[in-house]
1. Roughly speaking, what is the stretch gain from B:A181 to B:R73, that is 0.36 nm per residue apart minus the C-alpha to C-alpha distance, in nm to one decimal?
2. Let me have the relative contact order for chain B, percent, based on Cα pairs under 8 Å that are six or more residues apart.
3. Quickly work out the B:R403-to-B:Q375 label distance, labels modelled 7 Å from Cα along the C-beta direction, and quote it in nm with one decimal.
4. In Å³ and rounded to a whole number, note down the convex hull volume per residue for the Cα atoms of the stretch B:228-310.
5. Plugging the Kirkwood radius over Cα pairs into Stokes-Einstein for chain A, at a temperature of 37 °C and a viscosity of 0.692 mPa s, what D comes out in µm²/s?
6. If you take all C-alpha pairs in chain B, what percent of them are over 40 Å apart?
7. Sorted from fewest to most neighbouring beta carbons within 10 Å, what does the list A:K75, B:K281 look like?
8. So what's the angle, to the nearest 10 degrees on a 0 to 90 scale, between helix B:124-134 and the longest Cα principal axis of chain B?
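Just so it is clear, none of the values below were taken in a lab; they were calculated from the coordinates. These figures come from a predicted structure and were not determined experimentally. Neighbour counts run over all protein chains shown; Cβ positions are idealised from the backbone, glycine included.
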Amino acid sequence: MLYAVLCYNSEDAVAAWSKEEEDKVMSDLAAVESKHAAAGRLGPVARLMPTTAATTLRKAPGESFVVDGPFAETKEQFLGFFVVDMETLDAAIAFAKELAVANPGVGAYEIRPLRVFKPGGALEPL
Amino acid sequence: MSELSWIDLALSSARPQAMGALLRYFRDLDLAEEAFQEACLRAVRTWPDKGPSRDPVAWLIFVGRNSGIDSLRKRARQAPLPPEETLSDLEDVEEDLAERLDGSHYRDDILRLLFVCCHPELPATQQIALALRIVSGLSVRQIARAFLVSEAAMEQRITRAKARIAAAGLPFEAPDAVARAERLGAVAAMVYLVFNEGYSAGENQRADTPFCEEAIRLSRLLLRLFPSEPEIMGLTALLLLQHSRKAARFDADGQIVLLEDQDRSLWDGRMIREALALIDKALRHRSPGPYQIQAAIAALHARAKRSEETDWEEIDLLYQSLERLQPSPVVTLNRAVAVSRRQGAQAALDLIEPLEDRLSGYFYFHGLRGGLLKQLGRNREAHAAFERAIALATTPAEAAHIRQHLDGLACEATAGTTP
């Protein structure tokens, strides 16, 4: 079974880490990652930029619309994600709009730039 | 990371919101601070055993409010006059706290907390000190060290600033859209002041002051409260871009390294990428403003992998739009640097000469003028300009930088006279 492990924390507290604290946490995490990567069990790893860098595409009947900021509804649940490489935010929004056309109705796509990305490998497609 | 440092981070990140709510309850900065302090002490005592609260902000407001009410009651028993008017809405203390914490309230709470610090009657240095003390929770000692004054003197300054604010009356009415926009503008300017204080503190070799980091934190906080304000996106991007060059701005001897000479591999790529993402977001609004334009200029420097690749033409155009939006001789002075790269030193000199009256007391004016004159081979005039600059330098690093120019001129002069 493949599992996604999602990270939650106060971004304000995390942003206040000193360089030393930040480096320590990242290297401690990397040690865990490399153990599981060596066993061929680790897929992609990503760290997101702060929610202040986020834009959200809200699906709506007719045309979906773009709002600034992260996705904040609590009545909907986190269901999945894509990683795309785009030149601009507009291109990323256009991609999300294609998704919204393919999967219309309610819901939203939050578009959040990545801060860290390790593509990983080794895993078989599901 | 130890448990205590986690608690510390949780307390400091909860601070603006909790302080904002306590200020609304008690309508008094000192009382709100005492109440928050007491709540923090209790958190430090109880969280290590019981674990941190699931919602630290709500916990701190609740505990802080109760302790504040408690100390007011004690004072009321000691003093003959019960300070009824000191309390705003103690009638509804039993009301559902969750409701009060809900969205709309806390945005205005935090904005008010920041806004009282930038009262127009307060000089810039006091605004900065007050914001760092009240909103960021820096110790008086940290702030005093940054301003190179004694702790007692800083304490006194902060007390005076608070008294002035109290005398002027705190703005407790809920702001309408216009007032809210005005407050946001004033607060953004104050955040920029905090950043600049930290930025120049670096030049004074006081690099241990976390002002720049605090300013970025406050700017992100504003952006979370006002996620659709392109100018706040621009401000945050601008601060991130300037801060991304921190490691490259000084050499091993503490001398200033000019932008064009900086080792660009030392620039913080993550901060730059976050800033570029914010500029991308801001551009979608098609509503340019001074912070966005300045961020866009900084971004053009950040995008150039080598200084020769800098897009000076675009920078010149951006400065021109900044001049239209916010005319100022300092903006024109900055544009002159781009003009010198595009059209040569003479064109830049022609642009800045008319500014002499207004900028005669400005270090950078004479520094740039000297540099341009030197490029044109007018060494005697360059020498005089550098002499004036050095007299106006406010930090040792600035003075040392000009001294290098003067030494360069002296070498040339010697080389010229020696057969």
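1. Details: separation 108, 0.36 × 108 = 38.88 nm, distance 3.76 nm.
Residue separation times 0.36 nm, minus the Cα-Cα distance, leaves 35.1 nm.
2. Working: 466 pairs, mean separation 40.0, N = 419.
Value for chain B: 10 percent.
3. In this crude label model, B:Q375 to B:R403 measures out at 2.6 nm.
4. Values: hull volume 6.8 nm³, N = 83.
Taking only Cα atoms, the stretch B:228-310 has a hull volume of 82 Å³ per residue.
5. Details: Rh = 16.7 Å.
Here the translational diffusion coefficient equals 197 µm²/s.
6. For chain B, the share of Cα pairs beyond 40 Å comes to 27 percent.
7. A:K75, B:K281
8. 40 degrees
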